[in-house]
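The values are calculated or read from the model by the stated rules, or taken from the named source; none is laboratory data. Note that the coordinates shown come from a computational prediction; the quantities given were computed from them, not determined experimentally. We place every Cβ from the backbone using ideal geometry, glycine too, and count neighbours over all the protein chains shown. Just the protein is used for accessible areas: all its heavy atoms, side chains included, with ligands, DNA and RNA removed. Shrake-Rupley method; radii C 1.70, N 1.55, O 1.52, S 1.80 Å.
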Amino acid sequence: MAVTVTKYEYTELLPKGVYFVADIYLSDVEQLHAAFPLTGYSFAVPVDIARDAEAVIAVNGDCFVDQRGAGFVVRNGQIYDVNDTTADICALYYDGRMETYGPGEYTAEDVISQEPWQIWHFGPSLLNADGSPKESFNISEALLITHPRTALGYYEPGHYCFVVVDGRQGGYSLGAEMQTLSAIMHELGCKAAYNLDGGASSVMVFHGQVINRPYGDRYLNDLVVAAEIKEGEE
């Protein structure tokens, strides 16, 4: 595993903002997995979840507890829900591929037949099929405006990135509109990208320390982590 974190400040894409990019190379897709509080599917301080998971790098997920029963949800190879949804989903497969799908672009049977390792249910998808930025998004208008953001990016099997944009903090970072987040993921060279939970949930933990400046101290239900596979977990 190799992880490099870069902080970007006041770029042309984000004239009043700060965002963090974790560039991640993995030897096994199972190194990229969901982590939950050890007490069960409750809420906990993000840094505690990350440390318990022995994560090298971690960001917030899609608030797993809210997605249960709402759509198509898979975590660490376990299928929790297979329900119709109007939201975009993101599937990470055991072979390392990551695909995003809008409503009507997939069947559950086809996705399951390809052996998903994770399926996140939040969205929207941030890039077109050719990797270009999107101009319209499958999400409500209220969520298109400037907010703190968290996104997952994909280059090729074994190569991914986490992106967290700080926001709602005048004089430091205002956040990003969805269209701006799409442009950031395109500029990074991602082939696919997906928006996760944002706002006060947006956090990045690197080697056990929060390295961004979250808007508040929200307890979280789940993280997406890159961590070495523990003995006996394969």
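Treat every Asp and Glu Cβ in the chain as -1 and every Lys and Arg Cβ as +1, leave all other atoms uncharged, and give the resulting dipole magnitude about the Cα centre to the nearest 20 debye.
In debye, rounded to 20, the chain gives about 840.
Taking the Cα centroid of segment 168-201 and of segment 112-138, what is the distance between the two, rounded to the nearest whole Å?
About 15 Å separates the Cα centre of segment 168-201 from the one of segment 112-138.
Does the chain come out rounded, prolate or oblate, given a ≥ b ≥ c as the square roots of the eigenvalues of its C-alpha gyration tensor, rounded meaning a/c under 1.5 and, failing that, prolate meaning a/b above b/c?
Rounded shape, in that the Cα axes give a/c under 1.5.
Can you give me the Rg/Rh ratio for segment 1-67, using Cα atoms for both radii and the Kirkwood formula for Rh?
That ratio is 1.04, to two decimals.
Mind checking the alpha-carbon convex hull of segment 119-234 and giving the volume per residue in Å³?
Dividing the Cα hull volume of segment 119-234 by its residue count gives 133 Å³.
For segment 76-182, build the charge dipole from Cβ charges (+1 Lys, Arg; -1 Asp, Glu) around the Cα centre, then report which of Leu127, Phe137, Val164 sits farthest towards its positive end.
Val164
Direction-averaged shadow area of the convex hull around the Cα atoms of segment 107-146, nm²?
4.1 nm²
Please tell me the relative contact order of segment 171-217 in percent, rounded to the nearest whole number, where contacts are Cα pairs under 8 Å and at least six residues apart.
23 percent
From the square roots a ≥ b ≥ c of the eigenvalues of the alpha-carbon gyration tensor of segment 1-131, which class results: rounded (a/c under 1.5), prolate (a/b over b/c), or oblate?
The shape class here is oblate.
Find the accessible area per residue for segment 75-234; the probe is 1.4 Å, ligands and nucleic acids are left out, and the unit is Å².
Accessible surface, normalised per residue, equals 43 Å².
Only bridges with both residues in the chain count here: give the DSSP antiparallel percent, nearest 5.
If we restrict to bridges inside the chain, about 100 percent are antiparallel.
For Ser140 and Lys230 in the same chain, what is the full-extension length gain: residue separation times 0.36 nm, less their Cα-Cα distance, in nm?
That works out to 28.4 nm of additional length.
Along the three principal axes, how long is segment 127-170 when you take its alpha carbons, biggest first, rounded to the nearest angstrom?
36, 22, 13
For the chain, set up a Gaussian network in which alpha carbons nearer than 10 Å are linked by springs, and say which option among Ala87, Ala58, Ala142 fluctuates the most.
Ala142
Let me make sure I get this right: for segment 55-168, a, b and c are the square roots of the gyration tensor eigenvalues over alpha carbons, sorted descending. Under 1.5 in a/c it's rounded, otherwise prolate if a/b > b/c, else oblate. Which is it?
Verdict is rounded for segment 55-168.
Using the reciprocal of the averaged 1/r over all distinct C-alpha pairs, how large is the Kirkwood radius of segment 26-95 in Å?
13.4 Å
Report, to two decimal places, the Cα Rg of segment 172-234 normalised by 2.2 N^0.38 Å (N = number of residues).
In units of the 2.2 N^0.38 Å rule of thumb, it is 1.37.
Percent of accessible area on the chain owned by carbon and sulfur, 1.4 Å probe?
Summing carbon and sulfur atoms, their accessible area is 47 percent of the total for the chain.
Show log10 I(q)/I(0) for segment 154-194 at q = 0.30, 0.35 Å⁻¹, two decimals, from a solvent-free Debye sum over equal Cα scatterers.
-1.04, -1.20
I'd like to know which of Phe72, Ala50, Tyr94 lies farthest towards the positive end of the charge dipole of segment 1-109, counting +1 on Cβ of Lys and Arg and -1 on Cβ of Asp and Glu.
Ala50
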